[in-house]
Every structure is written in structure tokens, then in C-alpha cells.
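Data first, discussion second: the structure below is written as C-alpha cells.
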Amino acid sequence: MNQRQGTTDERGQLVERHRTTTGGQSAATGGHGRAPERAIAAGGYGEEAEEYEEQAHYRPLWIEEPARRRRLPDPVRTAAVRAVIVIAVTLIQAVTAFLCTLAGSWLAFPMVLSSVGSTVVATWAALDVWVTRQVWNQRNGVVSAPSSTARALRRERRKSRRQARTTERAQERIRRQGGTGQLSHS
């Protein structure tokens, strides 16, 4: 059953909010979606049919679910999109070359040549996805291998942050002491 609650907005107009109290299904339908038929059987469209129509009108289009896998890193995603586009164009060229060959068109030979070239480019694009993914994992990922450069980079970043904090503390200590130990006060 829908309950209406009225509030006023900044212009003083009545704004209605609807709240469903039956767990997402209209009380008029009984959960079966047959409110109009019941309303007609009861002697016309009544309050039940109006509630059913309101419920159908305010139902969300979709329910978001959490992703099962994490999103690909941006460089890998870019390479993957590029590869998909190149492979799609290659397949279109191959089909066109095949159909032109069957039709005996003069365009068949140039299409076959361009298909061969596109196949080379598509192979490169697919390898580019793999290489980009490996490079990203090596630089940013947690790879538990002794040769991983990610661990060394993290160690360097930690060391530089530690040094920055140490110098910041020393500067703060000098400021708190009122500048004693400075040669000039300008």
C-alpha cells in the first residue's frame, strides 16, 4: 500500500513523496500484477487501479549490483578498446573481401591485401593489450616475485616520504623555538 506524504518546496508548492510499505509489490495486485482486471471485475477503475498505476510508474528501471571483478586499469582498458575496434574492422574487411571475391568484383584484390595488413595490425593490437597489462602489473601491481620492480618502487617512495617527514619535523621544531640558531632574522 502506498502512503502519500506531502511537503512543500522552496516555492511553496506541494511535493508528494511515495513510500511503499509492502516490500515492493502493490497491495492491490497481491504481487501478481492483476490490479486492472480486479478493478474491472469490482465495477470499474477504482483506488486499487490508481495505486497499481502509481506503483508501476515509480518502479526503478534496474537495480545496481556490485561488480564481480574489479575494473581494468585505464591504460589496459584503452589498449583493449583499441584492440576490439581494430579486430572488428579487420573482420569487416575480411568478410567484404570474401563477398567481393564471390561476386567477381574488381575490389576483391585490394580488399584481400588490406585484410592481410589489417590482420597484422590486429595481432599487434592484441599483443599490445597483453604487454600493457604485464607492464602495469609489474609497475603497480602486487606481484609476489623476486624480480618485481613494484616492491622496489614502493620501498623508494616510503623512504622519500620518511625523509620528507623528518625534514618537516625539523623545520617545525625550529619554528617552535622561535628561530634560535638562525644567523639572521630577516
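The values are calculated or read from the model by the stated rules, or taken from the named source; none is laboratory data. This one's a predicted model, so the numbers in the text were calculated from it and none came from an experiment. Note that each Cβ is placed from the backbone with ideal geometry, even for glycine, and that neighbours are counted across all protein chains shown. Note: accessible area is taken over every heavy atom of the protein model, side chains too, but ligands, DNA and RNA are not part of it. Shrake-Rupley method; radii C 1.70, N 1.55, O 1.52, S 1.80 Å.
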What pairs come up if the first residue lies in the stretch 118-141 and is free of Cβ contacts under 8 Å to residues at least 40 places away in the same chain and charged (D, E, K, R), the second is open to solvent by 50 Å² or more (accessible area, probe 1.4 Å) and in a helix (DSSP H, G or I), and their beta carbons are under 9 Å apart, counting only those six or more places apart or on different chains? Arg139/Thr149; Arg139/Leu153
Does Leu153 meet the test of being open to solvent by 60 Å² or more (accessible area, probe 1.4 Å), among the hydrophobic types (A, V, I, L, M, F, W, C), touching a helix residue (DSSP H, G or I) at 6+ places or on another chain (Cβ under 9 Å) and over 21 Å from Asp74 (Cα atoms)? no
How do the pairs read when you match residues in the stretch 99-116 that are within 24 Å of Val86 (Cα to Cα) with residues anywhere that are open to solvent by 40 Å² or more (accessible area, probe 1.4 Å) and not in a helix (DSSP H, G or I), using Cβ under 6 Å and keeping only pairs 6 or more apart or on different chains? Cys100/Leu107
